[in-house]
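Enquirer: Below is a structure I'd like to ask you about.
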Amino acid sequence: MTERLRARIFFVAGFIFLALYFCAALNLPPWGDYRGPYGDFISRMVVYQRHATDAVNAINYDYRGFDTLGEEFILFTAVLGVMMLLRRRADTATREANKIKETRKLSISVQVVNFPVFFVTVVFGFYIGLHGQLTPGGGFQAGVILASALLLVYICENTEAFQRITSHRAVEVSEALGAASYALIGLAALCLGVPFLTNILPLGTTGDVFSGGNIALISACVGVEVTAAFLLVIYSYLEEIVTGEVPEE
Amino acid sequence: MPHVLASLPYFVAGWLFFCGLYGLTTSRHLVHAVISLAVLQSSTYMLLLGIGYRTGGTAPVFVDISPGRLTVDPVVQALMLTDIVVEAVVVALLLAMVVKAYEKSGSVSPSDLRTLRG
């Protein structure tokens, strides 16, 4: 099939789809007129039932906790896939010409600015991660922030320094532990004779950091896993850039 | 026509879906195809957040508002969080596949990926 023919077929089918979709959308309830009962129910009950003030995280790590467990394992397997695809075989000799020569260090001013920014980012990441049950935030966001804090090391130092940190076995181990401990928290509820992932910890005072029971704990596990996962992805790509081969033309 | 404007977020979602699909079908570069898929997926953000929005509703965070206040739907917002994380890692996985495809075949055009070789 030529490209032109493919584009033509697409446009015919695409515009028919778009026309039908627009007709259907016109008959939806108008924007701003939300009628679903579940969101309202959770909004009213979340503070009483879970002592958590952020409804979104209460849904993610408690009401819909089982779904998030599945999502966590999507993340886990996708990162596993990236690492598997980009791993270097021991027998492929990398051509020296393609290797990136170690660049000299950046100016001292970049390093001086980076140093406080690194600590601020780490503190901000922990703040976001540990207050997920109170204000918007939680494990996923904290993981991305903490991973980007370590990227600052790459910016102000060099590739080697970043590789030394991320190639450490602890990163891989903490990724696996983060994913496993989520499942284990769920299993702990089973051991107590209640359904999987039931909120079994004491709920605490509303508005306190230690409130919401399981939500904070699961959020922390997710945070560890996401940090490690993103570091492993970045490491794999960096390794690909540094030692990757370009096929013969 | 006020009724058309009342469905505007749904139209934008449909348009984004169409644009992503157009990019995918006419793509000549694998990285372009991956980014088109990301555009296509972003239509789901628009659709779900559009469904959950409510006129006069506030964010579902009850730190300084009473639990009885009218809020937007927290359920679709939680779904969004899931969606965004999955999109990020799926794009990472697909880009890794692009790197491997380039290494194997020396080409980044989707039309050159006809045959599978072991």
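The values are calculated or read from the model by the stated rules, or taken from the named source; none is laboratory data. Source: prediction; values computed, not measured. For neighbour counting, all protein chains shown are included, and Cβ atoms are generated from backbone atoms with ideal geometry for every residue, glycine included. Please note that ligands, DNA and RNA were not included when accessible areas were found on the heavy atoms of the full protein model with its side chains. Shrake-Rupley method; radii C 1.70, N 1.55, O 1.52, S 1.80 Å.
Enquirer: Could you identify which residue out of A:225, A:160, A:72 has the top mean-square fluctuation in a GNM of chain A using Cα springs shorter than 10 Å?
Expert: Evaluated over chain A, the most mobile residue of the options is A:160.
Enquirer: Using the Cβ atoms and a cut-off under 14 Å, what net charge is assigned to the surroundings of residue A:82, where Lys and Arg are +1 and Asp and Glu are -1? Intermediate values should be presented prior to the final figure.
Expert: Numbers: positive: A:87, A:88, B:100; negative: A:172, A:175, A:239, A:240.
Here the count lands on -1.
Enquirer: Okay, next question. Taking a ≥ b ≥ c as the square roots of the eigenvalues of the Cα gyration tensor of chain B, is the shape rounded (a/c under 1.5), prolate (a/b larger than b/c) or oblate?
Expert: Note, shape of chain B comes out oblate.
Enquirer: Okay, moving on. Counting pairs of alpha carbon atoms under 8 Å apart in space and at least six apart in sequence, what relative contact order in percent does region B:56-118 give? Present the calculation step by step, with values, prior to reporting the outcome.
Expert: On the way: 22 pairs, mean separation 11.5, N = 63.
Relative contact order comes out at 18 percent.
Enquirer: Output wanted: per-residue J couplings in Hz (rounded whole) for region A:46-60, from phi through Karplus 6.51 cos²θ - 1.76 cosθ + 1.60, θ = phi - 60°, x for Gly and Pro.
Expert: Along region A:46-60, the couplings run 4, 5, 6, 6, 10, 6, 10, 9, 9, 5, 4, 6, 4, 5, 4 Hz.
Enquirer: I've got another one for you. About the Cα centre, and with charges only on the beta carbon of Lys, Arg (+1) and Asp, Glu (-1), how big is the dipole of chain A? Nearest 20 debye, please. Mind showing how you got there, number by number?
Expert: Values: 17 positive and 22 negative charges, 58 e Å.
Around 280 debye, computed over chain A.
Enquirer: Towards the positive end of the charge dipole of the protein assembly as shown, with charges on Cβ (+1 Lys, Arg; -1 Asp, Glu), say which of B:8, A:148, A:217 has the farthest Cα.
Expert: Result: B:8, furthest along the dipole toward the positive end.
Enquirer: Would you mind calculating the relative contact order of chain A from Cα pairs under 8 angstrom and at least 6 residues apart, reporting the percent as a whole number?
Expert: On the way: 282 pairs, mean separation 69.0, N = 249.
Contact order relative to length: 28 percent.
Enquirer: Per-residue HN-Hα couplings for region B:64-79, Karplus 6.51 cos²θ - 1.76 cosθ + 1.60 at θ = phi - 60°, whole Hz, x for Gly and Pro?
Expert: Per residue, the Karplus-derived 3J(HN,Hα) values read 10, 10, 7, x, x, 4, 6, 10, 6, 6, x, 5, 5, 5, 5, 4 Hz.
Enquirer: Then there is this: Buried accessible area between A and B (1.4 Å probe, both chains summed, ligands and nucleic acids excluded), in Å² to the nearest 100? If you can, show how the numbers build up before the last one.
Expert: Working: alone 16100 and 8550 Å², together 19650 Å².
That pair of chains buries around 5000 Å² in total.
Enquirer: Semi-axes of the equivalent ellipsoid of the protein assembly as shown: what are they in whole Å, largest first, if each equals the square root of 5 times a C-alpha gyration tensor eigenvalue?
Expert: Values: eigenvalues 279, 209, 70 Å².
Over the Cα atoms of the protein assembly as shown, the semi-axes work out to 37, 32, 19 Å.
Enquirer: Step through the residues of region A:203-211 one at a time and calculate ³J(HN,Hα) from phi using the Karplus curve (6.51 cos²θ - 1.76 cosθ + 1.60, θ = phi - 60°), rounding each to whole Hz and writing x for Gly and Pro.
Expert: 3J(HN,Hα) across region A:203-211, in whole Hz: 6, x, 8, 4, x, 7, 5, 8, 9.
Enquirer: State, as an integer percentage, the relative contact order of region A:196-237 based on alpha-carbon contacts under 8 Å between residues 6 or more apart.
Expert: Details: 21 pairs, mean separation 10.0, N = 42.
24 percent.
Enquirer: Label residue B:65 and residue A:110 with points 7 Å out from Cα along Cα→Cβ: what is the distance between them in nm?
Expert: Each label point lies 7 Å from its Cα, and together they span 4.4 nm.
Enquirer: Place +1 on the Cβ of every Lys and Arg and -1 on the Cβ of every Asp and Glu in the protein assembly as shown, take the dipole about the Cα centre, and give the residue among A:37, A:5, B:96 whose Cα lies farthest towards its positive end.
Expert: Going by the Cα projections, it comes out as A:5.
Enquirer: Shifting gears a bit: Between A:64, A:164, A:50, find the one with the highest GNM mean-square fluctuation for chain A; connect C-alpha pairs within less than 10 Å.
Expert: Result: A:164 has the largest fluctuation of those listed.
Enquirer: Something else about it: Nothing charged except the Cβ atoms of Lys and Arg (+1) and of Asp and Glu (-1): what's the magnitude of the dipole of chain B about its Cα centre? Round to the nearest 20 debye. Don't jump to the answer; show the numbers that get you there.
Expert: Details: 7 positive and 6 negative charges, 74 e Å.
Around 360 debye, computed over chain B.
Enquirer: I've got another one for you. List every residue whose amide H lies under 5 Å from the amide H of residue B:62, counting only residues 5 or more places away in sequence or on a different chain, with H placed 1.01 Å from N in the peptide plane.
Expert: The answer is A:54, A:55.
Enquirer: For chain A, modelled as a GNM with alpha-carbon contacts under 10 angstrom, which of A:171, A:110, A:46 fluctuates the most?
Expert: Most flexible of the set in this elastic network: A:110.
Enquirer: Pull up all non-local amide H partners of residue B:71: gap of 5 or more, or a different chain, and H-to-H distance under 5 Å with H placed in the peptide plane.
Expert: B:58
Enquirer: Ignoring everything but the protein chains, give the 1.4 Å probe accessible area of residue A:208 in square angstrom, nearest 10.
Expert: Here the accessible area works out near 70 Å².
Enquirer: Quickly rank B:21-29, A:6-14 as a protection proxy: mean count of other C-beta atoms within 10 Å, highest first.
Expert: Order by mean packing, descending: B:21-29, A:6-14.
Enquirer: Can you compute the label reach from residue A:18? Point 7 Å from Cα along the Cβ direction, backbone N cut-off under 20 Å, restricted to region B:12-30.
Expert: Once the point is set 7 Å along Cα→Cβ of residue A:18, B:12-28 turn out to lie under 20 Å by backbone N, inside region B:12-30.
Enquirer: Tell me, in nm to one decimal, what length is gained between residue A:119 and residue A:158 on full extension, where the rule is 0.36 nm per residue of separation less the Cα-Cα distance? Intermediate results must be reported in sequence, preceding the final value.
Expert: On the way: separation 39, 0.36 × 39 = 14.04 nm, distance 1.82 nm.
Taking 0.36 nm per residue and subtracting the Cα distance, the gain is 12.2 nm.
Enquirer: Summing Lys, Arg as +1 and Asp, Glu as -1, what charge do residues with Cβ under 9 Å from the Cβ of residue B:26 carry, residue B:26 excluded?
Expert: Details: positive: A:6, B:28; negative: A:3.
Neighbour charge sum, excluding residue B:26 itself: +1.
Enquirer: Please compute the modelled spin-label separation between residue A:45 and residue A:126, points set 7 Å along Cα→Cβ, answer in nm with one decimal.
Expert: Placing both labels 7 Å beyond Cα along the Cβ direction yields 3.6 nm.
Enquirer: When Cβ neighbours within 10 Å are restricted to other protein chains, what is their mean count per residue of peptide B:86-98?
Expert: Values: counts 4, 0, 8, 13, 4, 1, 12, 9, 3, 6, 11, 4, 1.
Average neighbour count from other chains, rounded to a whole number: 6.
Enquirer: Can you tally the net charge around residue A:177? Count Lys and Arg as +1, Asp and Glu as -1, for every other residue whose Cβ sits under 15 Å from the Cβ of residue A:177. Present the calculation step by step, with values, prior to reporting the outcome.
Expert: On the way: positive: A:169; negative: A:72, A:172, A:175, A:225.
Net charge around residue A:177: -3.
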